[in-house]
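See structure below.
Just so it is clear, none of the values below were taken in a lab; they were calculated from the coordinates. These figures come from a predicted structure and were not determined experimentally. All Cβ positions, glycine included, derive from the backbone under ideal geometry; neighbour counts span all protein chains shown.
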Amino acid sequence: MRRINLLHAHGSPTRPLYKVGCRCASCRGAEAERKLAHNEAHRDETREAAKRQRARNPEAVRDYARRYKAENRERTSTYYRQWAAANPDKVRDHWTAQRARRAQAEGDHTAADLLAQYTRQKGRCFYCKTRLGDNYHDEHVTPIILGGSNGLENIVAACPTCNQRKAAKHPMDFAGLLC
């Protein structure tokens, strides 16, 4: 714990250097540090207690999240945009996994798996064979909506144009459009 000025009204060498409930700056800071140290020492217990609390009160959790988002819209959206710009692979992984979970698709893949597929394709679009560069999408050959998996065996790297034109078409239907 950080040392607070011993001349403070609440502190002495034999008593705690802060008083719980006091609103002066030094007591608030010392109490915050004490809570942080306690939570660090009991991290698993703290997480489990928070998980139980959220499970008991899902409506309160949703209400709090909505209020927080409404009150902090500018700050949270700015933070998210900055984070998303710095982590495009994680954003892509997140949304692909979300889509697959909603459709209850089997399998999973990561940005590293997609990069390996990109390398196997020698940096070219799976469908039109144009050079991809840094701008490519992970494409499900058999769309999830048609029963395709989210596993690596069903993922290829495609240019944005081909990915968007194919949409949820069967691969053979889309192949007829390429001719």
Q.
I'd like the trypsin sites (Lys or Arg not before Pro) in segment 134-173 restricted to DSSP loop residues with at most 15 other Cβ atoms within 10 Å, sorted by number.
A. Lys169
Q: Hand me the GluC sites (Glu not before Pro) from segment 77-179 located in a DSSP loop with no more than 16 other Cβ atoms within 10 Å, in residue order please.
A: Glu106
Q. Any idea what Rg and Dmax come out to for segment 80-126 if you just take the C-alpha atoms, in Å?
A. 12.5, 32
Q) Mind listing the phi-derived Karplus ³J(HN,Hα) values for segment 119-132, rounded to whole Hz, using 6.51, -1.76 and 1.60 with θ = phi - 60°, and x for any glycine or proline? A) 5, 4, 7, 6, x, 10, 4, 4, 9, 9, 6, 6, 5, 8
Q: For every helix of n ≥ 4 consecutive DSSP H residues, a contribution of -39,500 (n - 2.57) applies; sum these over the chain, divide by its total residues, and give [θ] at 222 nm rounded to the nearest 500 deg cm²/dmol.
A: -17500 deg cm²/dmol
Q. Any idea which of Ile155, Leu114, Tyr80 is furthest toward the positive side of the dipole for the chain, if Lys and Arg beta-carbons carry +1 and Asp and Glu beta-carbons -1?
A. Tyr80
(Q) For a distance above 18 Å, tell me the whole-number percent of Cα pairs in segment 127-179 that qualify. (A) 26 percent
**Q.** Cα pair count fraction exceeding 19 Å, expressed as % - the chain
**A.** 74 percent
Q. Tell me, what is the FRET efficiency for Arg120 and Ala84 to the nearest 0.05, using R0 = 35 angstrom and their Cβ-Cβ distance as r?
A. 0.80
(Q) Let me spell out the model: positive unit charges on the Cβ of Lys and Arg, negative unit charges on the Cβ of Asp and Glu, origin at the Cα centre of the chain. What dipole size does that give, in debye rounded to 20? (A) 780 debye
Q | Phi-based couplings in Hz for segment 142-154 (Karplus 6.51, -1.76, 1.60; Gly and Pro marked x) | A | 9, x, 4, 5, 9, x, x, 8, 9, x, 4, 5, 10
